[in-house]
Amino acid sequence: MNDGSFKVRLMKADDFDAVVAIDEKVLKARRPEYYEMKFERLVRSRDYVPASLVAEKADGTVVGFVMGEIYMGEYGIFQEQATLDTLGIDPDYQHKGIGKQLMDEFVGHLKKLGVQKIYTLVTWNDSKMIHFFGSNQFTPSRTINLERVL
Ligand SMILES: CC(C)(COP(=O)(O)OP(=O)(O)OC[C@H]1O[C@@H](n2cnc3c(N)ncnc32)[C@H](O)[C@@H]1OP(=O)(O)O)[C@@H](O)C(=O)NCCC(=O)NCCS
């Protein structure tokens, strides 16, 4: 558990640079185009309701984020399923409970909107992420992802 010194709030367009920087620190590769697309949907799309949060220090520095979406069905009714697409904690702030705090608030936020199930994809041999999701009550899904290389 962290000592409550990190605050979780909804992500806003201004968080773009901080999110891209954390992602780069985690993956050791820069991918601003991916986040440009994600942020475009965050602020503009009418079909998807953003459910993205950031964790920040008392001085406002963003140290972690989670990005997800809820599909908005016909007549503006929320679907019962949501996705968790991207999650990252600044390596200097990992193992302080920030990931769990973000996850708990993400789940609480979605529950209030009527969501009953959250889907996410993890690389099959990414043991760190699988462990993290496992300790946050995620279990293997009953569907499997198929692909065909062309
Ligand atoms: C996986 C990840 C999200 C975990 O975030 P985190 O903030 O470190 O997670 P938590 O602190 O909530 O939990 C991690 C561990 O720290 C432990 N922990 C929590 N608070 C702690 C504290 N105060 N002191 C010591 N350990 C603590 C937790 O018990 C947990 O231990 P466990 O792994 O043995 O169960 C983070 O490591 C990450 O961003 N990884 C990279 C993700 C990635 O590859 N993203 C690419 C884009 S999708």
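Could you check, for the range 38-58, whether at least one of its residues is of a type outside the set (S, T, N, Q), within 9 Å of the ligand (Cβ to nearest atom), under 12 Å from the mean Cα position of the chain (by Cα) and surrounded by 13 or more Cβ atoms within 10 Å (Cβ to Cβ)? Checking the range 38-58: at least one residue is of a type outside the set (S, T, N, Q), within 9 Å of the ligand (Cβ to nearest atom), under 12 Å from the mean Cα position of the chain (by Cα) and surrounded by 13 or more Cβ atoms within 10 Å (Cβ to Cβ).
Of the residues making up the range 110-142, those that are out of contact with any strand residue (DSSP E or B) (no Cβ under 9 Å at 6 or more places or on another chain), within 17 Å of GLN81 (Cα to Cα) and polar (S, T, N, Q) are GLN137, THR139.
Against the numbered list (1) more than 19 Å from GLN101 (Cβ to Cβ); (2) surrounded by 14 or more Cβ atoms within 10 Å (Cβ to Cβ); (3) of a type in the set (Gly, Ala, Ser), GLY68 comes up short only at (1).
Within the span defined as the range 95-106, every residue fails to be crowded, with 16+ Cβ neighbours inside 10 Å, over 13 Å from the mean Cα position of the chain (by Cα) and more than 10 Å from the ligand (Cβ to nearest atom). Scanning the range 113-122 for residues being within 16 Å of the ligand (Cβ to nearest atom), within 30 Å of GLY4 (Cβ to Cβ) and aliphatic (A, V, I, L, M) gives a total of 2.
Applying a threshold of 6 Å to beta carbon distances and a minimum spacing of six or more residues, or different chains, the list of pairs starting in the range 74-86 at a residue that is surrounded by 15 or more Cβ atoms within 10 Å (Cβ to Cβ) and ending at one that is of a type in the set (Val, Ile, Thr) and modelled with pLDDT of 90 or more reads ALA82/VAL115; ALA82/ILE118; LEU84/ILE118; LEU84/THR120.
Looking across ALA29, ALA21, one residue alone is of a type outside the set (Lys, Arg) and in a loop (DSSP other than H, G, I, E, B). It is ALA29. Conditions: (1) surrounded by 12 or more Cβ atoms within 10 Å (Cβ to Cβ); (2) over 15 Å from PHE106 (Cβ atoms). ARG9 meets all but one. Number of the miss? The failed condition is (2).
For the range 4-16, a tally of residues being without any contact (Cβ under 8 Å) to a residue 40 or more places away in the chain and touching a strand residue (DSSP E or B) at 6+ places or on another chain (Cβ under 9 Å) returns 1.
No other residue among VAL62, VAL66 is touching a Leu at 6+ places or on another chain (Cβ under 7 Å) and modelled with pLDDT of 95 or more apart from VAL66. Contact annotation: residue pairs with Cβ atoms under 6 Å, 6 or more positions apart or on different chains, pairing a residue in the range 107-134 that is without any contact (Cβ under 8 Å) to a residue 24 or more places away in the chain with a partner that is assigned to a helix (DSSP H, G or I) and within 16 Å of the ligand (Cβ to nearest atom), are VAL122/MET129; VAL122/ILE130.
Residue by residue, here is whether (1) modelled with pLDDT of 95 or more; (2) within 7 Å of the ligand (Cβ to nearest atom); (3) outside any loop (DSSP other than H, G, I, E, B); (4) at positive phi holds:
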residue	(1), (2), (3), (4)
ALA82	no, no, yes, no
GLY108	yes, no, yes, no
LYS111	no, no, yes, no
TRP124	no, no, no, no
HIS131	yes, yes, yes, no
SER141	no, no, no, no
ILE144	no, no, no, no
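The values are calculated or read from the model by the stated rules, or taken from the named source; none is laboratory data. Note that this is a predicted model, so its numbers are computed, not measured. Note that each Cβ is placed from the backbone with ideal geometry, even for glycine, and that neighbours are counted across all protein chains shown.
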